[in-house]
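The values are calculated or read from the model by the stated rules, or taken from the named source; none is laboratory data. Note that the structure is a prediction, hence the values are computed from the model and not measured. Glycine also receives a Cβ, built like all others from the backbone with ideal geometry; neighbour counts cover every protein chain displayed.
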Amino acid sequence: MNARADESQELQRLRTENAVLQEQLALRNHALDATQSFFVITELIGAEQYKIAYCNKKVADRYGVPREQLIGRDADIFNNRWKHQDFRPRLNA
């Protein structure tokens, strides 16, 4: 086989793998959205600073906004919204 055919096969393999991963991700999101629990994944971006990388539908519904508006924001919004509750230990877990 020539290099072009090899590249074409590799590209097809990667597309197939990507499609499988997308299906798995959609299934995970569906399962997390079906739960009544808050589910948040944060990313450490600095000393004691976290941004929201993922949140389920329950969290977005509680804030009354689409989850896309929460993703990427500083996780301190949880502390500001519910000052009587300390979510930071759970976010750090």
Among the residues of region 25-43, which ones are acidic (Asp, Glu) and touching a residue at least 12 places away in the same chain (Cβ under 8 Å)? Asp33
Does region 23-30 contain at least one residue that is loosely packed, with under 10 Cβ neighbours inside 10 Å and either modelled with pLDDT under 95 or not in a helix (DSSP H, G or I) (or both)? no
